[in-house]
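For reference, the structure is listed below as structure tokens.
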Amino acid sequence: MERTEGVIPSGASCGASQPGGPADAVQAGGPADAAQQGGPADALHPGGSADGDGRPAGDRDLELVVVTGLSGAGKTQAIHALEDLGFFCVDNLPPALLAPFAALCRQADSPVRRVAVVMDVRGGDWFDQAVEALQELDRAGVFYRIVFLEASDETLVKRFKETRRRHPLAPQGRLLEGIRAERQRLGALRGRAHVILDTSELSPKQLRERIAQLWSGPETPRLIAHLVSFGFRYGLPADADLVFDVRFLPNPHYVPDLQPLTGLDDRVREYVLRWPSARRLLQQLQELLDFLLPQYINEGKTQLTVAVGCTGGQHRSVVITEALAAHLRNQGHRVLVEHRDVERSLADRGRGKRG
């Protein structure tokens with residue numbers, strides 16, 4: 001179940017200790033790694049001091065988006081969405097041509113100012129020059145953003161079987177081996193990405209809408225706070241930057257009148273927030289995000305995914321997520337809200353599982 005402002009999207013712990021969860025209570029800042037960090041440490045490129053959106057002062061002549069990621073994760077849909085937004089798009093650009101192409105687009109008589117390119121393993125050995133090509137952009141003072149698309153192995157296998165296309169790193173048909181080899185080969189680029197989108201649960205339409213929200217204006221948006229409620233029973237959101245565990249709060253599941261409701265209902269919200277522990281948690285999370293979001297904005301991050309989890313994702317996490325979203329909107333931030341597991345939890349309710 002999703003609720004958004006103007007777009008339909010897809011989908012720390014304060015003491016998280018569950019198996020498979022984040023190693024720390026808050027995953028914050030720094031380069032992206034296997035735990036899905038969203039913003040590179042070198043997001044501010046050389047060539048002048050950065051202003052509020054992370055762009056070097058005086059470098060507003062070109063907006064460059066580099067789309068990369070796993071085969072089958074949706075790069076074609078992403079580039080089509082950017083083209084619909086007015087970007088001049090080039091698919092499968094050899095990395096060695098990236099800096100010369102950017103220089104061409106920055107010329108005074110260039111007809112384009114918004115450019116998107118796709119670079120991926122289809123480039124063969126040329127693709128090994130990708131990081132070097134980005135470093136060349138840094139030296140030239142070119143402002144750019146990297147969007148990295150990924151999905152679970154299971155999802156990618158399913159997509160390749162449905163389309164009957166060959167994986168570029170699995171010419172002999174060993175699809176899963178090819179996917180894993182590509183994931184390893186792309187590690188350095190993923191670590192530099194400004195936006196990482198896990199498309200496992202996204203339809204093509206939802207992916208296009210997510211891209212449109214990120215780049216719908218004349219300038220790259222400063223930051224979108226993507227707040228996700230979820231149930232630990234169904235696993236952590238793969239693209240979460242910060243994860244908060246609220247399972248210690250009193251559970252409305254054990255109140256018969258509240259059990260069939262969700263955190264979007266007033267009675268559930270009032271029940272959860274009547275407890276001092278919930279109000280104190282909410283205050284501390286608000287203060288934490290009030291501190292963190294300006295830091296991410298200064299780093300040049302364009303999307304921050306904050307996940308709030310309870311057992312089933314139906315009651316407590318929904319209440320806290322909604323309260324955080326209201327607070328961030330009041331602070332002037334762009335907010336995207338997704339309640340990932342509400343419908344799934346309602347479907348499981350009759351099986352005697354906790355909500």
Taking the stretch 291-314 only, how many residues are in a loop (DSSP other than H, G, I, E, B) and within 18 Å of L346 (Cβ to Cβ)?
4
Residue satisfying all of: in the stretch 112-130; of a type outside the set (D, E, K, R) and at pLDDT 85 or above; surrounded by the most Cβ atoms within 10 Å (Cβ to Cβ) among these
M119
Looking only at the stretch 190-216, which residues are modelled with pLDDT of 85 or more, surrounded by fewer than 22 Cβ atoms within 10 Å (Cβ to Cβ) and polar (S, T, N, Q)?
S200, S203, Q206
Go through (1) more than 29 Å from S200 (Cα to Cα); (2) buried (at least 20 other Cβ atoms within 10 Å of the Cβ) one by one and return the number of the condition Y296 breaks.
(1)
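So, in the stretch 134-155, how many residues would count as being of a type outside the set (V, I, T) and more than 23 Å from G74 (Cα to Cα)?
Residues of the stretch 134-155 that are of a type outside the set (V, I, T), as a first pass: 134-141, 143-145, 148-154.
Restricting the remaining residues to those that are more than 23 Å from G74 (Cα to Cα) gives 135-141, 143.
Residues in the stretch 134-155 being of a type outside the set (V, I, T) and more than 23 Å from G74 (Cα to Cα): 8 in total.
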Going through (1) surrounded by fewer than 18 Cβ atoms within 10 Å (Cβ to Cβ); (2) modelled with pLDDT of 95 or more; (3) outside any helix (DSSP H, G or I) one by one, R267 fails only at (3)
Across the stretch 104-131, what is the total count of residues that are within 24 Å of L214 (Cα to Cα) and small (G, A, S)?
2
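Would it be correct to say that A225 is outside any helix (DSSP H, G or I), under 23 Å from H333 (Cα atoms) and in contact with a helix residue (DSSP H, G or I) (Cβ under 9 Å, 6 or more places away or on another chain)?
Values: outside any helix (DSSP H, G or I): yes; under 23 Å from H333 (Cα atoms): yes; in contact with a helix residue (DSSP H, G or I) (Cβ under 9 Å, 6 or more places away or on another chain): yes.
So A225 fits the description; yes.
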Going residue by residue through the stretch 156-179, is there one that turns out to be closer than 16 Å to A73 by Cα, charged (D, E, K, R) and either modelled with pLDDT of 85 or more or in contact with a Lys or Arg (Cβ under 8 Å, 6 or more places away or on another chain) (or both)?
yes
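Yes or no, residue by residue, for (1) closer than 30 Å to A347 by Cα; (2) at pLDDT 95 or above:
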site	(1), (2)
L281	yes, yes
L288	no, yes
A323	yes, yes
R329	no, no
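Condition (residue is assigned to a loop (DSSP other than H, G, I, E, B) and within 28 Å of N298 (Cβ to Cβ)) applied to the stretch 241-259: is it met by at least one residue? Steps first, answer last, please.
Looking only at the stretch 241-259, we keep the residues that are assigned to a loop (DSSP other than H, G, I, E, B), and these are 241, 246-251, 255-259.
Subset that is within 28 Å of N298 (Cβ to Cβ): 241.
Yes; the residues of the stretch 241-259 include at least one that is assigned to a loop (DSSP other than H, G, I, E, B) and within 28 Å of N298 (Cβ to Cβ).
The values are calculated or read from the model by the stated rules, or taken from the named source; none is laboratory data. Computed from a predicted structure; not experimentally measured. Cβ coordinates were reconstructed from backbone atoms using ideal geometry, including for glycine residues, and neighbour counts include every protein chain displayed.
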